[in-house]
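Read the structure below first, then the notes.
The values are calculated or read from the model by the stated rules, or taken from the named source; none is laboratory data. Because the structure is a prediction, the values reported are computed rather than measured. Cβ placement follows ideal geometry from the backbone for every residue including glycine, while neighbour counts extend to all protein chains displayed. Remember, those area values only see protein heavy atoms, side chains included, never the ligands or the DNA or RNA. Shrake-Rupley method; radii C 1.70, N 1.55, O 1.52, S 1.80 Å.
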Amino acid sequence: MSGSPDAVIRIEQLYKEYLTDAGPVPVLKDVSVTVEPGEFVAVMGPSGSGKSTFMNILGCLDVATSGRYVLNGRDVGMLGSDELAHLRNQVIGFVFQGFNLLPRANLEDNVGLPLIYRGVARSERLDHAREMLAKVGLGAYNRSRPNQISGGQQQRVAIARALVNRPKLILADEPTGNLDTATSKEVMALFTELNERDGITIVLVTHESDIAANAHRLVRLTDGRVIYDGPIQHAAPEHLEATS
Amino acid sequence: MTAAMLAEAWVAMGANRLRTFLTMLGMVIGVGAVILMLAIGQGAQQQVEASIASMGSNLFIILSGSTTSGGLRMGGGAAPTLTLADAQAIGELPSVAAAAPSSPGTAQLVYGPNNWSTQIMGTTPSFLAVRDWKLAAGFPFTDSDIRSATRVALLGKTVVTNLFGDEDPVGKTLRIKNSPYMVLGVLAAKGQSLDGRDQDDTVIIPVTTAQRKLFGTRFVGTVRFIMVQADSADAMPAVERSINQLLRQRHRLREGADDDFSVRNLTALANTAAETAQVMSLMLGAIASVSLLVGGIGIMNIMLVSVTERTREIGIRMAIGARGKDILLQFLLEAIIISVIGCLIGVVLGVGGALTVNQLSGMTIVITPESIVMAFAVAAAVGIFFGWYPARKAAAMKPIDALRYQ
Ligand SMILES: Nc1ncnc2c1ncn2[C@@H]1O[C@H](COP(=O)(O)OP(=O)(O)OP(=O)(O)O)[C@@H](O)[C@H]1O
Ligand SMILES: [Mg+2]
């Protein structure tokens, strides 16, 4: 599958191996995936199948051993670390399983953080941050600290932070992994809204089939290989099996 | 951008106040020590320079007796061999500006109900020229006072204060060893000499009066020492040679016989003292700088700990778009803020300490704007230098490694 020229993500024959004391360990083997603008993709697979590794490479946090990765029309392999930082800042919004908020900063400072690296002035930064906090339903908590709110709220703050630079792509690695079912639903509703209303492309890793059900497309990884890539409705039941 | 970074550095520093304070303390002590030591060192130097300036320039002192005489080391001026005539002859040598024979002694002064014991210097009017000593009031005595050995006196400031208080001494009569002396004038204040004596605690009278009427002398016409001023610094070696030649001739010393006098170049001695003071001042500064260095190492140590502790934070920042140089700047700014604030407090404490030393011991202190500016520059440099390595380390992390760090 080649995809259209304005694909958000185009990955071709990607290999990744980790160098360990016991020698190189291949983790991703010949992965080729293309994601078009506006898609909502769920990535599933058993633990250790390479989902996080895949997401880190998508997010330009890590580099592949070989293969080609074109993000938003730019060949990531050709870019220096400053340009990669720029891409992470402008094109991608990250949502991690562990929220990864700065514990000492209040919510509006946390959400405004990506804007610092764009050189946005403080007052404007705070305006944007408050707007995003309001969008994720936390407008009343601007000055709270991360440890003063619940896990679900923290994850929504993380989403607000991912949104503040108006990214094309949101990468979420098990965003509901630390949340109970009810809060998971709230967070997923937010992702769905971002995808449907704002047209943001989303790639989301999950172990749970009902979380994956929010997406339109499923990529199933097993042992570093893509064993299914297609509409989620057509996926075989074993591809949607909860893994953990 | 930098404003945001400054605010962030501030928050980070506030997060661990005790640690930030202790790190800063290293800088505070370092800078404080440098400022204090420079103030004391430069103060000492300035005092020495003032003493030298008050001494007069291009000076020799000729003492009676050789430094070694017949194998025995004699105290300078022990055997009285110099005479008034010697002084006069030296005064006529080429390149000699003036020569002043001097017969010092100690005596009790009385004025009204007050009395004061001080050094009395019997000398000629040239003494004032040689020592470059001005009068604050009145007139000097003259050669005719020398000829007639009149009882007249010039008083130093300290003597005036102790005997006369606020009264104007000029024209008054005081008693030295029970004889009346008329005060002709008051000497301008000179302050401390190089060896720490109060130069204003003195009375100057005609040398002949001292010899004949005040102290008496076993050898009529001899003086303890002669002070000589050369025309210029360049002329000093030649003048020293011609004094030696002249005195050997006048004292009829045979070829090979020891000198019965010794000529000392006071200006050279003074310059040595000045150099010593300067070296002292530098040494003090250098020793204090070591504590600044230690403070810098403290900053580096804490910054390294801080980078390790905040590895995950670094990872988060990188994930949301921080470039290496943003991280570098953040940690560098933190180090610089710590050192500059430490420096600020150090300057305040150093200046306060120097003023306290001055109050308590009366030691001269000199605080120049240069030393403060320098302290700031050094502190900033220390912050950059010792902050660089930890900041570099933080900036060089791979985003994924920093994020995964537990
Ligand atoms: N830094 C690393 N060094 C060496 N091996 C690694 C490293 N990171 C991951 N691996 C290995 O790579 C494989 C894939 O790991 P990855 O974290 O991508 O799995 P995952 O699919 O995200 O699993 P999970 O569902 O448990 O999160 C695992 O076998 C893991 O041990
Ligand atoms: Mg994972």
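Take the residues in the stretch A:84-109 that are within 9 Å of another protein chain (Cβ to nearest Cβ) and polar (S, T, N, Q), then tell me which one is most open to solvent (accessible area, probe 1.4 Å).
A:Gln90
Please find, among B:Val223, B:Val160, the residue that is within 23 Å of B:Leu266 (Cα to Cα), modelled with pLDDT under 95, open to solvent by less than 20 Å² (accessible area, probe 1.4 Å) and in the same structural domain as B:Leu128 (by TED's automatic domain parsing).
Every option except B:Val223 fails the conditions.
I'm trying to understand the selection: among the residues of the stretch B:56-84, which are part of a loop (DSSP other than H, G, I, E, B) and either modelled with pLDDT of 60 or more or of a type outside the set (Gly, Ala, Ser) (or both)?
B:Gly56, B:Ser57, B:Asn58, B:Gly65, B:Thr67, B:Met74, B:Ala79, B:Pro80, B:Thr81
Which members of the stretch A:46-80 meet the condition of being on the phi > 0 side of the Ramachandran plot and more than 12 Å from ligand 1 (Cβ to nearest atom)?
Scanning the stretch A:46-80 gives A:Cys60, A:Gly67, A:Asn72, A:Gly73.
Of the numbered conditions (1) more than 16 Å from ligand 2 (Cβ to nearest atom); (2) closer than 20 Å to A:Gly38 by Cα; (3) buried (at least 19 other Cβ atoms within 10 Å of the Cβ), A:Val219 satisfies every one except a single condition; which is it?
(1)
Return the residue satisfying two criteria in turn: it lies in the stretch A:6-27 and is within 14 Å of another protein chain (Cβ to nearest Cβ) and either in contact with a Leu (Cβ under 9 Å, 6 or more places away or on another chain) or within 17 Å of A:Val205 (Cα to Cα) (or both), and of such residues it is farthest from ligand 1 (Cβ to nearest atom).
Among those residues, the one meeting the criterion is A:Lys16.
Could we say that A:Thr192 is open to solvent by 10 Å² or more (accessible area, probe 1.4 Å), within 23 Å of A:Asn72 (Cα to Cα) and touching a strand residue (DSSP E or B) at 6+ places or on another chain (Cβ under 9 Å) here?
Answer is yes for this residue.
Could you grab me the full set of residues in the stretch B:280-314 that are within 14 Å of chain A (Cβ to nearest Cβ) and either under 30 Å from B:Gln46 (Cβ atoms) or surrounded by fewer than 16 Cβ atoms within 10 Å (Cβ to Cβ) (or both)?
Hit for the stretch B:280-314 is B:Glu309, nothing else.
Quick check on my filter: what residues within the stretch B:137-164 are farther than 20 Å from B:Val110 by Cβ, outside any loop (DSSP other than H, G, I, E, B) and within 31 Å of the chain's Cα centre (by Cα)?
Result: B:Ala137, single match.
For B:Val170, indicate whether it is assigned by TED's automatic domain parsing to the domain that holds B:Ala230 and touching an Asp or Glu at 6+ places or on another chain (Cβ under 9 Å).
Taking the combined requirement at face value, the residue does not satisfy it.
Going residue by residue through the stretch A:179-197, is there one that turns out to be away from ligand 1 (no atom under 16 Å from the Cβ), under 20 Å from A:Arg88 (Cβ atoms) and free of Cβ contacts under 8 Å to residues at least 40 places away in the same chain?
The answer is yes, given that some residue of the stretch A:179-197 is away from ligand 1 (no atom under 16 Å from the Cβ), under 20 Å from A:Arg88 (Cβ atoms) and free of Cβ contacts under 8 Å to residues at least 40 places away in the same chain.
Return yes when B:Leu328 is within 44 Å of the chain's Cα centre (by Cα), in a helix (DSSP H, G or I) and not acidic (Asp, Glu) and no when it is not.
Values: within 44 Å of the chain's Cα centre (by Cα): no; in a helix (DSSP H, G or I): yes; not acidic (Asp, Glu): yes.
In short, no.
From A:Arg156, A:Arg161, which residue is of a type outside the set (S, T, N, Q) and either away from every other protein chain (no Cβ under 14 Å) or not in a helix (DSSP H, G or I) (or both)? Outline the logic, then answer.
Values: A:Arg161 fails: either away from every other protein chain (no Cβ under 14 Å) or not in a helix (DSSP H, G or I) (or both).
Selected residue: A:Arg156, the only one of A:Arg156, A:Arg161 that is of a type outside the set (S, T, N, Q) and either away from every other protein chain (no Cβ under 14 Å) or not in a helix (DSSP H, G or I) (or both).
Specify the residue that is farthest from the other protein chains (Cβ to nearest Cβ); the eligible residues are those in the stretch A:110-133 that are closer than 20 Å to A:Pro146 by Cα and of a type in the set (A, V, I, L, M, F, W, C).
Across the stretch A:110-133, the extreme among qualifying residues is A:Leu133.
Could you tell me whether B:Leu333 is modelled with pLDDT under 95, among the aliphatic types (A, V, I, L, M) and out of contact with any Ser or Thr (no Cβ under 9 Å at 6 or more places or on another chain)?
So B:Leu333 does not fit the description; no.
I'm trying to understand the selection: among the residues of the stretch A:1-47, which are in contact (Cβ under 8 Å) with a residue 12 or more places away in the chain, of a type in the set (S, T, N, Q) and not in a loop (DSSP other than H, G, I, E, B)?
A:Gln13, A:Ser32, A:Thr34, listed by residue number.
Yes or no: B:Ser232 assigned to a helix (DSSP H, G or I), in the same structural domain as B:Leu93 (by TED's automatic domain parsing), farther than 12 Å from B:Ile62 by Cα and open to solvent by less than 90 Å² (accessible area, probe 1.4 Å)?
The answer is no for B:Ser232.
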